[in-house]
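Below is one structure; the comments refer to it alone.
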Amino acid sequence: MISGSLVALATPMNPDGTLDWERLDGLVDFHIKNGTDAIVAVGTTGESATLNPEEHCAVIRRVVDLVKASAEGKVAVIAGTGANSTTEAIDLTREASKIGVDACLLVTPYYNKPTQEGLYQHYKTIAEAVDVDQILYNVPGRTAVDMLNETVVRLADIPNIIGVKDATGDLARGKELINLVGDRIAVYSGDDATAVELILLGAKGNISVTANVAPKDMADLCRLALAGEAEQARAISERLMPLNENLFVEANPIPVKWALQQMGLIQGGIRLPLTPLSAPFHQDILSALKSAGVK
């Protein structure tokens, strides 16, 4: 089972928006050296919505190759392969499986607003079409569709659905989800601000935006929380809280890419319709990095 700190990796780009392979290599190395347990390549934080299919698969392949060469199997690679077209999600998931990922992460179909039965059939169809471990991803604040816990319960019976990323930030709901399916599939936090508490309730880790800029701290937080060391884990979470909050002052990944640029890890490239971080928020991000001990 994949557990611990799973970074939702930002995709480095040149100022003109083309992919920056050199900085991608550097980011992967940065995470391997700082204890990240798994890298999510081209998830929604990785601007999957604006990468074409060839770029999407090329980034996944690059990350897999880098991890195999450098991490000796110690770091898992999860490919973001969700789409609001079931056929497209199958195609991406099939290609990621061929590349050799450890699992795929599939966001709920955005904009379409499917019913709960539609969500069930969407994920069931993908899982039956591609024999690779798959993690459900519910983030209603971004997709305008909410996959209810009852639907996750149904999907947990499918053998290669092995986890769910709960990015609702609702701890009561997350606790219920763990109670309902935690003995069959892994529940992961998808909300940095509440991650430590959900792990202490039984979640297996955190699929994290904050880990992009504070990988060692997030890895330590997850390790301590998984071990039941609540006081120490909460102390790290409190220190990271300004980051957890300020990395969402504008739509993700705008703030985290700007923060990574200030750290010298990437250039300022981001693809429309997203734009660089607005100037009024610059000091907020700098202050958050400093208070977390990152910069």
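Just so you know, all these numbers are worked out from the coordinates, no wet-lab data involved. Source: prediction; values computed, not measured. Because the Cβ atoms are built from the backbone with ideal geometry, glycine has one as well, and the counts that use them run over all protein chains shown.
When the helices in the chain are scored as -39500 (n - 2.57) per DSSP H run of 4 or longer and the sum is shared across all residues, what 222 nm value do you end up with, to the nearest 500 deg cm²/dmol?
Details: 12 runs with 135 residues, N = 295.
My calculation for the chain gives -14000 deg cm²/dmol from helical runs alone.
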Hey, what do the phi angles of region 24-33 turn into as Karplus ³J(HN,Hα) couplings, whole Hz, using 6.51/-1.76/1.60 and θ = phi - 60°, x for Gly and Pro?
4, 4, x, 5, 4, 4, 4, 6, 4, 6
Run the quick spin-label model on E88 and R173: label points 7 Å from Cα toward the beta carbon, then report their separation in nm to one decimal.
2.4 nm
Per residue of region 246-263, what does 6.51 cos²θ - 1.76 cosθ + 1.60 with θ = phi - 60° give for ³J(HN,Hα)? Whole Hz please, x for Gly and Pro, Karplus curve as stated.
6, 6, 10, 5, 10, 4, 4, x, 4, x, 5, 5, 5, 4, 5, 5, 5, 7
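Please count, across region 4-227, the pairs of lysine residues with Cα atoms under 15 Å apart that sit 8 or more places apart or on different chains.
Values: K33/K68; K33/K74; K33/K216; K68/K98; K165/K175; K165/K204; K175/K204.
The result is 7.
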May I ask you to sort E231, E238, E88 by Cβ crowding, counting other Cβ atoms within 10 Å and putting the fewest first?
E231, E238, E88
Roughly what % of DSSP beta bridges within region 4-227 run antiparallel, to the nearest 5?
5 percent
Under the rule rounded for a/c under 1.5, else prolate if a/b exceeds b/c, else oblate, using alpha carbon gyration tensor axes a ≥ b ≥ c, the chain is classed as rounded
Region 201-232 scanned against label point 7 Å out from M1 along Cα→C-beta; backbone N under 11 Å for 202-205
Phi-derived 3J(HN,Hα) across region 226-231 with the Karplus relation (6.51, -1.76, 1.60, θ = phi - 60°), rounded Hz, x for Gly and Pro, is 5, 7, x, 7, 4, 4
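Give the residue list of trypsin sites (Lys or Arg not before Pro) in region 1-62 that are DSSP loop and have at most 11 other beta-carbon atoms within 10 angstrom.
Working: sites: R23, K33, R61, R62; in loops: none.
Sparse-neighbourhood loop trypsin sites (Lys or Arg not before Pro): none present.
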Gain upon complete extension [A129, K74; 0.36 nm per residue less C-alpha separation]
17.0 nm
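By how many nm would the segment from A251 to S291 lengthen if fully extended, with 0.36 nm per residue of separation less the alpha-carbon distance? All intermediate terms of the calculation are to be shown ahead of the outcome.
Working: separation 40, 0.36 × 40 = 14.40 nm, distance 2.18 nm.
Using 0.36 nm per residue and subtracting the Cα-Cα distance, I get 12.2 nm.
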Selected from A195, A58, A214 as most flexible by GNM, with the chain as the system and alpha-carbon contacts under 10 Å
A58
Amide H neighbours of K165 under 5 Å, counting only residues 5+ apart in sequence or on other chains, H built in-plane at 1.01 Å?
L136, Y137, N138, Y188
Counting other C-beta atoms within 10 Å, which of F281, F30 has the fewest, and how do the rest follow?
F281, F30
How far apart, in nm, are the 7 Å Cα→Cβ label points at I158 and E117?
1.7 nm
